[in-house]
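The values are calculated or read from the model by the stated rules, or taken from the named source; none is laboratory data. Keep in mind the model is a prediction, meaning the values are calculated, not measured. All Cβ positions, glycine included, derive from the backbone under ideal geometry; neighbour counts span all protein chains shown.
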């Protein structure tokens with residue numbers, strides 16, 4: 001289609017009339033209007049959402065053809081165009097901002113228009129237009145943005161969790177667990193309230209982090225299962241108006257097969273359109289992971305603080321220069337990056353929490369924000385977890401000499417004397433040793449509360465790392 005206004009422009013129409021569209025692109029009138037009306041920010045609709053929408057269009061076309069609602073030839077054209085989107089060949093055709101209509105209608109129509117244009121080009125050699133494939137009547141058949149977009153959010157999030165976050169988190173958990181096993185014989189001083197406490201092993205300390213990560217893996221898997229029910233088939237308000245009674249089950253079965261995920265139809269389509277509780281639950285679970293990762297990162301950088309004026313119990317990898325002015329300085333940059341990601345996740349979760357509350361009657365109208373922020377949470381946590389495993393945990397080593405020095409100097413070893421001499425006398429030993437600068441052993445013997453033989457038998461840090469008779 002050419003236009004008298006000059007090369008590179010064609011005219012497309014929607015219910016508002018004609019509008020100019022760049023000839024080199026496949027999108028149509030509604031996409032062009034959205035580009036003009038929603039020039040807000042730099043955040044474009046996530047590619048995983050676009051792919052999920054294409055997967056829905058593919059399944060819908062095949063299902064509508066099987067139900068006799070769409071000619072098989074038309075379905076074939078739609079399927080081929082959707083496959084091109086899924087392969088990434090049409091990546092430049094989806095420029096719309098996240099900040100658009102709350103239902104995601106513009107992005108749904110963006111995908112509809114691109115599929116229709118590509119199908120029409122394949123059929124006639126002419127890009128754009130609405131014949132033989134119409135973006136609404138054929139590509140969007142049996143659907144509404146109101147059920148398609150929340151379906152796409154669920155598909156995109158489930159695949160992102162499966163393909164990105166869970167593998168990265170398992171990698172980090174394995175790295176931490178391997179350090180816990182390797183360091184099981186290293187006795188060190190424990191700390192509570194950032195003050196000396198009783199001994200434990202470095203393996204026990206890192207084993208706690210490994211267990212916390214395992215628990216997060218389980219929580220995330222459980223929360224992800226809440227996204228398996230899909231809204232597709234509810235159309236505009238949940239009733240399924242303008243769709244075949246068998247459309248939902250059949251289309252979702254195809255989506256499940258293509259994605260290799262156990263998607264099913266939502267039991268209550270009205271709830272699936274009106275609320276976003278499953279995505280909110282997943283976001284809250286990701287926030288919980290962020291808390292676990294924050295503690296891990298902070299513990300590592302505290303233990304590696306120094307190298308001479310800090311705790312210095314761990315040596316972390318020296319990846320890059322740490323200062324533009326202080327020569328030789330190396331900083332815990334991986335820990336800093338991970339904790340910044342976690343702070344961002346907390347903020348994204350707060351935004352999702354508010355957005356999920358904005359369901360008025362039959363539709364939540366903050367869906368693009370939820371889609372963007374949820375997928376950003378997943379991507380950031382996956383990337384940061386993998387980076388922290390590769391560039392920090394895997395290369396971290398214990399400083400045994402420093403660990404032993406701090407252990408033997410700790411006043412809290414006196415706790416081992418409490419069963420024999422009582423709390424008050426043990427406290428007196430600790431306070432006296434601290435005031436005089438003498439060792440616990442010297443002070444205990446001076447006060448006469450235990451003999452040298454008794455002290456050496458009772459105060460053995462390695463035996464203090466577990467229950468004793």
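Across the range 247-272, the number of residues qualifying as crowded, with 19+ Cβ neighbours inside 10 Å, touching a residue at least 40 places away in the same chain (Cβ under 8 Å) and within 18 Å of residue 158 (Cβ to Cβ) comes to 6.
Of the residues 205, 164, the single one that is at pLDDT 95 or above and under 14 Å from the mean Cα position of the chain (by Cα) is 164.
Looking across the range 322-354, just one residue is in contact with a helix residue (DSSP H, G or I) (Cβ under 8 Å, 6 or more places away or on another chain) and modelled with pLDDT under 95, and that is 322. Looking at the range 275-298, can you tell me whether even one residue there is more than 20 Å from the chain's Cα centre (by Cα), part of a helix (DSSP H, G or I), touching a residue at least 24 places away in the same chain (Cβ under 8 Å) and on the phi < 0 side of the Ramachandran plot? No; the residues of the range 275-298 include none that is more than 20 Å from the chain's Cα centre (by Cα), part of a helix (DSSP H, G or I), touching a residue at least 24 places away in the same chain (Cβ under 8 Å) and on the phi < 0 side of the Ramachandran plot. Residue 58 meets all of the listed conditions (1) farther than 14 Å from residue 116 by Cβ; (2) within 39 Å of the chain's Cα centre (by Cα); (3) not in a loop (DSSP other than H, G, I, E, B) but one, namely (1).
Scanning the range 82-120 for residues that are in contact with a strand residue (DSSP E or B) (Cβ under 8 Å, 6 or more places away or on another chain), within 22 Å of residue 364 (Cα to Cα) and part of a loop (DSSP other than H, G, I, E, B) yields a total of 4. Of the helices (runs of 4 or more DSSP H) lying entirely inside the range 364-469, the ones with 1 or more residues being out of contact with any helix residue (DSSP H, G or I) (no Cβ under 7 Å at 6 or more places or on another chain) and within 30 Å of residue 102 (Cα to Cα) are found at 367-391. Answer yes or no as to whether residue 46 is more than 15 Å from residue 114 (Cα to Cα) and crowded, with 24+ Cβ neighbours inside 10 Å. Against the criterion (more than 15 Å from residue 114 (Cα to Cα) and crowded, with 24+ Cβ neighbours inside 10 Å), residue 46 qualifies.
The rows are residues; the columns are (1) over 30 Å from the mean Cα position of the chain (by Cα); (2) buried (at least 18 other Cβ atoms within 10 Å of the Cβ); (3) farther than 30 Å from residue 285 by Cβ; (4) in contact (Cβ under 8 Å) with a residue 12 or more places away in the chain.
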{"residue": "370", "(1), (2), (3), (4)": "no, yes, no, yes"}
{"residue": "373", "(1), (2), (3), (4)": "no, yes, no, yes"}
{"residue": "380", "(1), (2), (3), (4)": "no, yes, no, yes"}
{"residue": "384", "(1), (2), (3), (4)": "no, yes, no, yes"}
{"residue": "391", "(1), (2), (3), (4)": "no, no, no, yes"}
{"residue": "394", "(1), (2), (3), (4)": "no, no, no, yes"}
{"residue": "403", "(1), (2), (3), (4)": "yes, yes, yes, yes"}
{"residue": "418", "(1), (2), (3), (4)": "yes, no, yes, no"}
{"residue": "423", "(1), (2), (3), (4)": "yes, no, yes, no"}
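Take the conditions (1) surrounded by fewer than 22 Cβ atoms within 10 Å (Cβ to Cβ); (2) in contact with a strand residue (DSSP E or B) (Cβ under 7 Å, 6 or more places away or on another chain); (3) more than 21 Å from residue 152 (Cβ to Cβ); residue 29 misses just one of them, which is (1). Residues of the range 308-325 that are surrounded by 10 or more Cβ atoms within 10 Å (Cβ to Cβ), more than 17 Å from residue 202 (Cβ to Cβ) and without any contact (Cβ under 8 Å) to a residue 12 or more places away in the chain: 321, 322, 323.
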